[in-house]
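Bear in mind these aren't lab numbers, they're just calculated from the coordinates by the rules spelled out. Nothing here was measured: the structure is a model prediction, and the numbers come from that model. Don't worry about glycine lacking a Cβ; one is built from the backbone with ideal geometry, like all the others, and counts go over all protein chains shown.
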Amino acid sequence: MSNVALVALACGLIIGLGSLGACIGIAMMGGKYLEASARQPELMNALQTKMFLLAGLIDAAFLIGVGIAMLFAFANPFGA
């Protein structure tokens, strides 16, 4: 296997596993938010603010991985 093929495989793994982790993380966080807001409805606004902040951070971690994968895909330092 050539270096270019390995870089393409690595980019696919970075994007695929990153998106899987982000989806699972956001789904778990959403479920916990619903549980917490059902237990204490008076805290729903504060919890919602924190949930959206964490959703942005989880999504940002995935997008950083996509950026690194695109860097390797288009500015490949390992191949021609």
- Message: Suppose the filter is outside any helix (DSSP H, G or I) and of a type outside the set (Lys, Arg); does Met1 pass it?
- Response: yes
- Take the residues in region 35-45 that are assigned to a helix (DSSP H, G or I) and loosely packed, with under 12 Cβ neighbours inside 10 Å, then tell me which one is nearest to the chain's Cα centre (by Cα). Glu35
